[in-house]
Structure formats: structure tokens, C-alpha cells
1. If I take every Cα pair under 8 Å that is 6 or more residues apart in the range 263-341, average their sequence separation and divide by the length, what percent do I get for the relative contact order?
2. When the accessible area of the range 167-231 is computed with all protein chains present and a 1.4 Å probe, what percentage of it is carbon and sulfur?
3. Using protein chains only and a probe of 1.4 angstrom, how many square angstrom of GLU101 are accessible, to the nearest 10?
4. In what order, largest first, do ASP252, ASP161, ASP301 sit by accessible area if the probe radius is 1.4 Å?
5. Using a cut-off of 15 Å between beta-carbons, work out the net charge of the residues near VAL253 (Lys and Arg +1, Asp and Glu -1, VAL253 not included).
6. Quick one: 3J(HN,Hα) in Hz for the range 76-83, Karplus 6.51/-1.76/1.60 with θ = phi - 60°, rounded, Gly and Pro as x.
7. Quick check on my link table: of LYS187/LYS233; LYS222/LYS322; LYS141/LYS207, which ones sit more than 22 Å apart, alpha carbon to alpha carbon?
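The values are calculated or read from the model by the stated rules, or taken from the named source; none is laboratory data. Keep in mind that this is a model prediction, so the values were computed, not measured. All Cβ positions, glycine included, derive from the backbone under ideal geometry; neighbour counts span all protein chains shown. Please note that ligands, DNA and RNA were not included when accessible areas were found on the heavy atoms of the full protein model with its side chains. Shrake-Rupley method; radii C 1.70, N 1.55, O 1.52, S 1.80 Å.
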Amino acid sequence: LSFAQLFLLCMPSGAGIMSKGYLEEIGVLDSIPGPVAQESGSAPSVPKDSVPAAAPVKELSPEELAKLSKEERKAYHEARRAAQPQPAAKKQLTKAERREEQEAQRKAKEEKTKKVGNDEELLAELKLQGLNEDQAREMAKEMQQGEKLEGDDDDEGEGEDLGASVARWMSEQEEITKESLRDFNMKVRWQGHVNTLPADHLGCILKILFKDACASCDLSGKLPPTAVAEKLKAPLARWAPVLEPMYRSIDDVMLGPDCVCSAATEAVNEAVQASNGTEAAGAAAIVGCYMALREDDILPDEELLMGCRRISSEHPSTVLEKFVEFLEDALEDDSDEDEDE
């Protein structure tokens, strides 16, 4: 039996006329199938292959509900439920569609796993830069949200390469502290250069410092390496709070010395070309850069020696060969002193 038929059967004796009117008023009677509706004096029956939609049911007030019997209330609530739109049946997927859905789920899972891995790599890198666990997580959160510091221009630096962005950032700095590295990451690395690495950043900063030092020297004549080293003494000391943690964060033992030594050769070669300097002055200037790095303890002697040997094999010069020999002797003396102790 349908709920409407049940409603009529459950009505108390003598309540038929009142209940029929009630049914018509609240919309229950309209939902009765053909045969019952005909018996109740309503519209003609509907063909069997047609399924009429349930008519909307008038909502009764609490007072009106109180007048109904238990059976009438039950039929009323069933009619209301039947009048509500039914959820569409779930589409049966084909084999190809199921494969496509499974592939999409697999890719989403891989992306999530990859993101977790990237987060861990970022945290490890930030810790190498001197941050503790809480500081690293807070900074990683800010970086991933792409937050910009107050006063940033949204269009500032758009389309810049890494070197231009680093140069702009350096020109904006007044005091260099441990917090400057965080500022660098927020304003340079995470504003258009997210795929760059600490070695790239360190190389750019050193190249700018080396070029500035060479620009203030006469590269057209005889140039002692110490002249360039002296020019770099103050700048390297000023930028040490950024340079030292950047170098420590490079986990490849070959890449660190390589990027430092290459920055010197690239900067000096550009400076020599810009000033029509001599090759001899350029070779002396390169060694002057290495002397300044050693004086400021940016990297240990054994790593500096490793980088200088590679540069010497590609850009040999007498002055560089002598500097390599000097480093080898210094390391040998240190080794002898350790043995004596």
C-alpha cells in the first residue's frame, strides 16, 4: 500500500469526509495512485507506465498537527518525505571512466606526498641556515603562503632575472643582521625565483661584491692581488651574516667551493671586459678575491683549495698556481702542527 492508501485506511470511522478535505487541502490526496484517486472522487487514473511526481504537501501548524490522530500524523509525514526531491541515482561508470578516476586519485596522492617531501626539504634547509625547529616551520609557512612584507609593490621586480633581483635587494639593505637572510628569502627567492638554490644566491651576491671591488681598481696595468683583497675586506665583513649561513646550507661538498670560485672568475672577467683591462690584471684580481674570502673565513682552506684547483685547470695563470701552492703549504703546516700536538 502507498502512504496515501494507508492514510485513508487508517482514518477513524466517520472521519472520511473531514480527512478527505484535509487530504485535498494539504496535498496528500493528489499523490494517491489512479485507482485510489478515482475511488476518492479525484482525477482519472494515470496510465501504469507513467509515474506522477508527488504533489507538494501543505505544511501544518503545530495546532493543526495536534488535531490529527497518530495514524494521520504518520501519513502526513510520509507524504512530506515523498514530496521532497529525491537524490539522483549515481551514474554507473564505464571501465574507462573508472580507470580515469583511479588515475586522478593516484596523481592527487602523489602530489600530496611530494608536497610533504618538499616541506621537509625546506625545513632542513632553513635549519642549516641557523633557524631552530619552530622558527623554520614559521618561516616555511610564510614562504608557502607567499606573504609579502609591508610596503612591497606587487609589480616590483616582475620579469627580473635572479641577478637583478639580488642586486635590487642588496641596494635596499641598510644594516645586515641574521634576520637579513630571512628577508632575502621572502623578497627574492619566494617572489619569482622559487626554483633557485642557496648556491645560486651565494654566487650572485659574491659576484656583485667582486665586480664592485674590481671596478674601483685599475685593471689596465699591473695589479697586486692584495689591492683587490683590501677592497673586499669591508664588504665581505658587512655581508658575512648572510654569506656564511648561505655557504653552510649548500650540502654538496663540490658545489660550494665551485660556486664561490666561479663567482670570482665571472665577476673579474666582466669587469676586465668593461674596462678594457689586461689579462694579467684579471688573473691577479681573481686571486685577490680568493685571498679576501680566506681572510674572512667564508669557507675553510681545504674547500677553497678544491675550488681553486678546478679554476686553475680551466683558467691557468702563474699567480693562481702560486696561490694554490700557498694553500697546499698552509694545509700541510696545519697537519704537521696537529700531529705534534
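1. Values: 38 pairs, mean separation 20.4, N = 79.
Rounded, it is 26 percent for the range 263-341.
2. Values: 1580 of 3200 Å².
Summing carbon and sulfur atoms, their accessible area is 49 percent of the total for the range 167-231.
3. 90 Å²
4. Details: ASP252 75, ASP161 95, ASP301 25 Å².
Largest accessible area first, the residues go ASP161, ASP252, ASP301.
5. Numbers: positive: ARG248, ARG309, ARG310; negative: ASP251, ASP252, ASP258, ASP301, GLU302, GLU303.
That works out to -3.
6. So the Karplus estimates, Gly and Pro as x, are 4, 5, 5, 5, 5, 5, 5, 6 Hz.
7. Numbers: LYS187/LYS233 27 Å; LYS222/LYS322 17 Å; LYS141/LYS207 30 Å.
The pairs that break the limit, which is 22 Å between Cα atoms, are LYS187/LYS233; LYS141/LYS207.
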